[in-house]
Amino acid sequence: MRRTPLYDCHAAAGGRFVEFGGWEMPVRYQLSIQEEHAAVRTSAGLFDVSHMGEIEIVGDDAVGALNRLVTNDLEKISDGQACYTAMCYPHGGIVDDLVIYRYGRESVLICCNASNRAKDFAWIQENLEGAQAIDRGDEFSQLALQGPKAVEILQRLTSTDLSSIKRYWFADGLVADVPTLISRTGYTGEDGFELYMPAERGPEVWNALFAAAGDDLTPVGLGARDTLRLEMKYALYGNDIDETTNPLEAGLGWITKLEAGDFIGRDVLLEEKEQGVSRRLVAFKMDGRAIARHGYPVVDETGEAVGHVTSGTRSPTLGENIGLAYVPMGQHKIGTQVRIQVRKNVETATIVKPPFYTPGKSG
């Protein structure tokens, strides 16, 4: 397994390690997953996400070249702005979901999922025309500072005016005297920043943030990262989306700009939109005490599988058992009750409007 440049920081903080996408990563530290989750919702948490991949696209028209590979429209965002998008195969299945940072017409930075780093780079190299792709994944440490106190904590370490960075915008600055891309993005639903810095200097920024924050900052592992993102119905690649799912059925139509021009997979997705998708990814709450886990079947009255659960957990914030599942159209509407096979029992759940949690509210 690979280790990020912050491995020693995690070990010193009492990190409990697991394998994730080929990386040895902390699932939690000395607190429970529920306590780490609560720290992000009420104060601030710091995640090491250096296992994520970074790919730079350069060329006279890097924006135009990359636009033919992604579902969102990079022409509609400005220099200094980021966007969330997907990259599809010709059949419409999802290669990966990405965050893209537009530096300018000639330079764009992609952040991709850790488990897809090699696959994404190979796909981009194979299909990119008129620009060059550079794998920069090993050049960065990446930290995610998330929570209501994130701005206050980070502002103590940078002269960059954080109030001038709007949601899904970014700026280059210094954090603890370390050159850093400061991005107001995140995967928790809370306000906060994802910080990219030279790989070897990640531990400096990690330690400086804890020194500046005192008791207001908690190290957070993969366990709480998963419960936080699920409360927001943020998709996890490999669970909720993959090459067998397309953006329209996954509820990602809002990042799929079919009218903006051609991209790989557009023809299939356009036909799917015109004909109507056959299933949808929905949010549900269990009616009883059972927890529906990834892979559990959604069944009809006869017990036959008609869909499946993609993610499920007990929400630390709400104290309810929640999840995501693909269900047939007609069963996707809010308020509909569905049946889920939980081991030997069939349990019921109710489709709800996402997200499960609204930032700033406890339940």
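For region 100-131, the tally of residues that are assigned to a helix (DSSP H, G or I) and among the β-branched types (V, I, T) stands at 1. Within the option set A224, A213, A235, being touching a His at 6+ places or on another chain (Cβ under 9 Å), more than 14 Å from Q142 (Cα to Cα), buried (at least 19 other Cβ atoms within 10 Å of the Cβ) and not β-branched (V, I, T) holds for one residue only, A224.
Restricting attention to region 123-178, the residues that are acidic (D, E) and over 24 Å from the mean Cα position of the chain (by Cα) add up to 4.
Whenever a residue of region 32-61 is under 30 Å from E129 (Cα atoms), its partners that are at pLDDT below 95, lying with C-beta atoms within less than 7 angstrom and at least six residues away or across chains, give the pairs H51/G21.
Please verify whether S107 is within 19 Å of R229 (Cβ to Cβ), more than 20 Å from the chain's Cα centre (by Cα) and surrounded by fewer than 20 Cβ atoms within 10 Å (Cβ to Cβ), treating the condition exactly as stated. No, not satisfied. Residue check: V352 meets all listed conditions (1) farther than 30 Å from A65 by Cβ; (2) modelled with pLDDT of 95 or more; (3) surrounded by fewer than 16 Cβ atoms within 10 Å (Cβ to Cβ) but one, namely (3).
Condition check ((1) without any contact (Cβ under 8 Å) to a residue 60 or more places away in the chain; (2) on the phi > 0 side of the Ramachandran plot; (3) aliphatic (A, V, I, L, M)) across all residues:
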site	(1), (2), (3)
Q275	yes, no, no
T302	yes, no, no
V306	yes, no, yes
T313	no, no, no
A325	yes, no, yes
R339	yes, no, no
R343	yes, yes, no
I351	no, no, yes
P355	no, no, no
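When we screen G295, G335 for residues that are touching a His at 6+ places or on another chain (Cβ under 7 Å), surrounded by fewer than 20 Cβ atoms within 10 Å (Cβ to Cβ) and either in a strand (DSSP E or B) or not β-branched (V, I, T) (or both), the only hit is G295.
Among the residues of region 229-249, just one is of a type in the set (A, V, I, L, M, F, W, C), over 20 Å from K76 (Cβ atoms) and in contact with a Lys or Arg (Cβ under 8 Å, 6 or more places away or on another chain), namely L236.
The values are calculated or read from the model by the stated rules, or taken from the named source; none is laboratory data. These numbers come from a predicted model, not from an experiment. Note that we place each Cβ from the backbone using ideal geometry, even for glycine, and neighbour counts take in every protein chain shown.
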